[in-house]
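A.B. asks: Would you mind keeping the following structure in view while I ask a few things?
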Amino acid sequence: MKLRSEIEGQYKWDLSPLCENDEMFYQRLEKIKGQLPKFQEYKGKLNDKDVLWDYLCFDEKVSNEIESIYQYCSLKSCEVLSDNSANEMCETISNVFSQFSYDTAFITSELHSLSDEFLDDIIADEKFKNYDKMFKDIKEEKKHILSEKEEQLLAGMDFLGGFSENMEKLSDVDLSFGEIENSLGEKYPLSHSLYGKYVRSQDRALRKNAMIALNGQFGKHINMLASNYISEVKANCYFSKIRKYSSALESALENEEVEPKVYHTLIDMVEKNLPLLFDYFKFKQKEMKLDDFYIYDTQAQFIEDAENKEYTFDEAIEIIKKAVAPLGEEYVCLVQQAKDERWIDIYPNKDKRSGAFASSIYRSHPYVLTNFEGELDDVFTLAHELGHAMHYHYSSLSQPKSKASYTIFLAEIASITNEMLLANYLLNNSKTMLEKKAIYNKIFDDVKSTIFRQTMFAEFEEKAHSLHEKGVPLTKDKLCNEYYKLVEKYFGKDVKLIDEIKYEWARIPHFFTAFYVYKYATGMICAISFVNRILSNEKGAVEDYFKFLSAGGKDTPMAILKESGCDVTLESTFEKCFDYLKNILKRWKNT
């Protein structure tokens, strides 16, 4: 693999708009450190409107300065993970952040101690209009803030945690999965990172042995894993009750300003449309020419990548520009601008951070990291991250800083929209049937894993928490049986199961961030809703999509989506999405 110094400059991001160089980083950091003591001047005075206004302006100014150099060192550290100078910068600014957070801890407490009358006055004041959403949120949060003494007691109860770390240590460090055999008796090492490759293999014995061995190993430790997760569930329910929520679900969703109705509508509508997934499985079984169809066959890659076609980065950019053309010339030009102005760090190099991500700060252009190697998946990854980047860009451009950030509930929509537009373009411009089938296969693989699988996980999470809240004892057998029943429901009667699948829930790390996974499913539902309207040339569809991109966090996620023509509280939004997918499957069958 190339050293970073061997990569041409045009293929590396330009961080100079954030900070000129490392020397300037330290100079600017010292200047910031000199400003931090001023925050103490606001202590005990934030109930005065003039002082509050001065604090808000000063806080925004300092935040902008900190974020700029923090992003500089953070992105720089991703270039070469072993770069000591970049790591030292990150460590230095992290220490400053820690001290700053400690010194300003009083601010959150003071803001939440403001009277409702004072908050209402602030919200109604035109001068504070850029902050009205923030103060509305504070007023709502106050309902769940306890007395100072009670908050201190809760803060000291961090021992009711660590369950995620327990699971990770067992899963990633202590468990060993040994070797498995393929159909020829050849042995392969099994690990978390290799599991996905094996279950997608065209070798059926390898798929079967991988699924049995990995889940079976978790089954050997199910007593500890179940006890650990049950403790997590109990802690979630306890803290939600203490904070006066009706359930752990309500507590988690309120943090994202999402109505519980959305969660339940998702589960209900996915269940209603499970026949689409069953139809896909039947089609896959037929294409694979299998007499019976097991759960370890459902992820098999049964269509070869189209002639192993490779793409240059320049070709990928041109394809993406054509794919997003329905969004208009401005959006297309921004994709080109991202390339020309070096927003993107493109190729892998020695010790570079793996994977891909997009990152942005207020009123600065976004940055994208990829490890582009020319495969079709790399083109989709680039489109995905550029979707994030454009969402950041339009929100930052259109909203004041206090309203530019959006919740995770909204975060994946723009990225998946770009992927769906790319898939549509490639389908319409495929030169061979093999290319076309490969794209159809990718679409449904993504739909299966993102909409159906994540909703199954979401239903399991709700079941576990609601059982405890109803006083039903949770045990390892109860959790395994409930999960197995869900697998039966979501995979249907024509997919044969293996006994070890009942342990699968125990290896899902996201369950330790309660009620998180449903957002993957709703994100794809919303993206398909936007794409369906845009590609149908529905009047106002593109304008609605740009309303969404530009909204940032100016309102609740539900209000932003509704204003943009995507009301996720309505069953019709889900129905249109599944109708779109049914049509794609029909076209695939006729290919």
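A.B. asks: List the residues, sorted by chain then number, that are 5 or more residues from SER405 or on another chain and whose placed amide H is less than 5 Å from its amide H.
C.D. replies: So SER405 has HN proximity to GLY553.
A.B. asks: Hey, what angle do you get for helix 222-242 against the long axis of the chain, alpha-carbon based, 0 to 90 degrees rounded to 10?
C.D. replies: Relative to the chain, helix 222-242 is tipped by roughly 40 degrees.
A.B. asks: Something else now. Work out the FRET efficiency for MET24 and ASP54 from their Cβ-Cβ distance, taking R0 = 25 Å, and round it to the nearest 0.05.
C.D. replies: Values: r = 28 Å, r/R0 = 1.13.
Step by step, r from the Cβ atoms, then E = 0.30.
A.B. asks: For the pair LEU535 and ASP125, how long in nm is the line joining their label points, each one 7 Å along Cα→Cβ?
C.D. replies: 5.0
A.B. asks: Helix 518-535 versus the longest principal axis of the chain: what angle, 0 to 90°, nearest 10, using Cα atoms?
C.D. replies: Around 80 degrees separate the two axes.
A.B. asks: Please identify the trypsin sites (Lys or Arg not before Pro) of the stretch 525-561 that satisfy two criteria: DSSP loop assignment and at most 13 other Cβ atoms within 10 Å. Which are they? The partial results should precede the final answer.
C.D. replies: Values: sites: ARG533, LYS539, LYS547, LYS554; in loops: LYS539, LYS554.
When the trypsin sites (Lys or Arg not before Pro) of the stretch 525-561 are filtered for loop state and at most 13 Cβ neighbours within 10 Å, LYS539 remain.
A.B. asks: Under 25 Å from the Cα of LYS2, which lysines turn up, not counting those fewer than eight places away in the same chain?
C.D. replies: LYS12, LYS76, LYS309, LYS339, LYS350, LYS352
A.B. asks: Evaluate the charge dipole of the stretch 14-155 about its Cα centre and quote only its size in Debye, nearest 20, assuming +1 on the Cβ of each Lys and Arg and -1 on the Cβ of each Asp and Glu. Write out the running numbers ahead of the final one.
C.D. replies: Numbers: 17 positive and 32 negative charges, 37 e Å.
The calculation lands at about 180 debye.
A.B. asks: While we're here: To the nearest whole percent, what portion of all C-alpha pairs in the stretch 376-482 is separated by more than 18 angstrom? Provide the component values of the computation, followed by the final result.
C.D. replies: Working: 3691 of 5671 pairs.
Everything past 18 Å amounts to 65 percent.
A.B. asks: Go from 0 up to the bin containing the longest alpha carbon distance in the stretch 411-565, width 10 Å each, and give me the % of pairs per bin.
C.D. replies: 9, 29, 28, 22, 10, 1
A.B. asks: Then there's this: Residue by residue, what Karplus-based ³J(HN,Hα) values in Hz, rounded to whole numbers, does the stretch 382-392 have, using 6.51, -1.76 and 1.60 with θ = phi - 60° and x for Gly and Pro?
C.D. replies: So the Karplus estimates, Gly and Pro as x, are 4, 4, 4, 5, 5, x, 4, 4, 5, 4, 4 Hz.
A.B. asks: Still on this structure, please answer the following. For the chain, what is the charge dipole size about the Cα centre, in debye to the nearest 20, if Lys and Arg each add +1 at the Cβ and Asp and Glu each add -1 at the Cβ?
C.D. replies: Numbers: 76 positive and 99 negative charges, 345 e Å.
Computed about the Cα centre, the dipole is about 1660 debye.
A.B. asks: Given (i) 19, 51, 26, 4, 0; (ii) 17, 51, 30, 2; (iii) 15, 35, 34, 15, 2, 0 as candidate values of P(r) over Cα pairs in 20 Å bins from 0, in percent, which corresponds to the one derived from the coordinates?
C.D. replies: Read-out taken from this structure: (ii).
A.B. asks: Angle between the Cα long axis of helix 476-491 and the longest principal axis of the chain, 0 to 90 degrees, nearest 10?
C.D. replies: Here the helix axis deviates by roughly 70 degrees.
A.B. asks: R0 = 45 Å: FRET efficiency of GLN10 with ASN429, Cβ-based, nearest 0.05? Display every interim value, and only then the final one.
C.D. replies: Details: r = 27 Å, r/R0 = 0.60.
That gives a FRET efficiency of 0.95.
A.B. asks: Given H placed on each backbone N at 1.01 Å, which residues far from ASP345 in sequence or on other chains put an amide H within less than 5 Å of it?
C.D. replies: Residues meeting the amide H criterion: TRP13, VAL368, LEU369, THR370.
A.B. asks: Starting from the amide H of ILE180, placed 1.01 Å from N in the peptide plane, find each other amide H under 5 Å away whose residue is 5 or more places distant or on another chain.
C.D. replies: It is TYR188, LEU190, by chain and number.
A.B. asks: With a ≥ b ≥ c taken as the square roots of the eigenvalues of the C-alpha gyration tensor of the stretch 221-347, please select rounded if a/c is under 1.5 and otherwise prolate if a/b is larger than b/c or oblate if it is not?
C.D. replies: Because a/c hits 1.5 or more and a/b fails to exceed b/c, the stretch 221-347 counts as oblate.
A.B. asks: Now for a different question. So what J values fall out for the stretch 542-551 if you push phi through Karplus, 6.51 cos²θ - 1.76 cosθ + 1.60 with θ = phi - 60°, rounded to Hz, Gly and Pro as x?
C.D. replies: Those phi angles translate into 5, 4, 5, 5, 6, 4, 5, 4, 8, 6 Hz.
A.B. asks: Quick one: Cα convex hull volume of the stretch 14-155, Å³ per residue?
C.D. replies: Numbers: hull volume 20.2 nm³, N = 142.
Spelled out: Cα convex hull of the stretch 14-155, divided by residues, is 142 Å³.
A.B. asks: Right, next: Mind computing the radius of gyration and Dmax over the alpha-carbon atoms of the stretch 46-104? Å is fine for both.
C.D. replies: 15.1, 49
A.B. asks: Can you tell which of ALA205, VAL233, GLY161 lies farthest toward the positive end of the dipole of the stretch 121-268, using +1 and -1 charges on the Cβ of basic and acidic side chains (Lys, Arg; Asp, Glu)?
C.D. replies: Toward the positive end, the furthest listed residue is ALA205.
A.B. asks: Follow-up question, since we're still on this one. Output ³J(HN,Hα) for the stretch 564-579: one whole-Hz value per residue in order, computed from phi by the Karplus curve 6.51 cos²θ - 1.76 cosθ + 1.60 with θ = phi - 60°, and x for Gly and Pro.
C.D. replies: 8, x, 10, 8, 7, 8, 9, 5, 4, 4, 6, 4, 5, 4, 5, 4
A.B. asks: Residue farthest toward the positive end of the dipole of the chain, with Cβ of Lys/Arg at +1 and Asp/Glu at -1: which of PRO17, GLY540, LEU36?
C.D. replies: The one lying farthest along the dipole's positive direction is GLY540.
A.B. asks: Further question: If I model a spin label as a point 7 Å beyond the Cα along the Cα-Cβ vector, how far apart are those points for LEU81 and HIS144 in nm?
C.D. replies: Here the modelled spin labels are 3.5 nm apart.
A.B. asks: For the pair ASN47/HIS510, report the inter-label distance in nm, with labels modelled 7 Å from Cα in the Cβ direction.
C.D. replies: 4.5
Laboratory data are not the source of any read-out in this text; all were calculated from the coordinates shown. Bear in mind that the values here come from a model prediction, so they are computed numbers and not experimental data. Cβ: placed from backbone, ideal geometry, glycine included. Neighbour counts: every protein chain shown.
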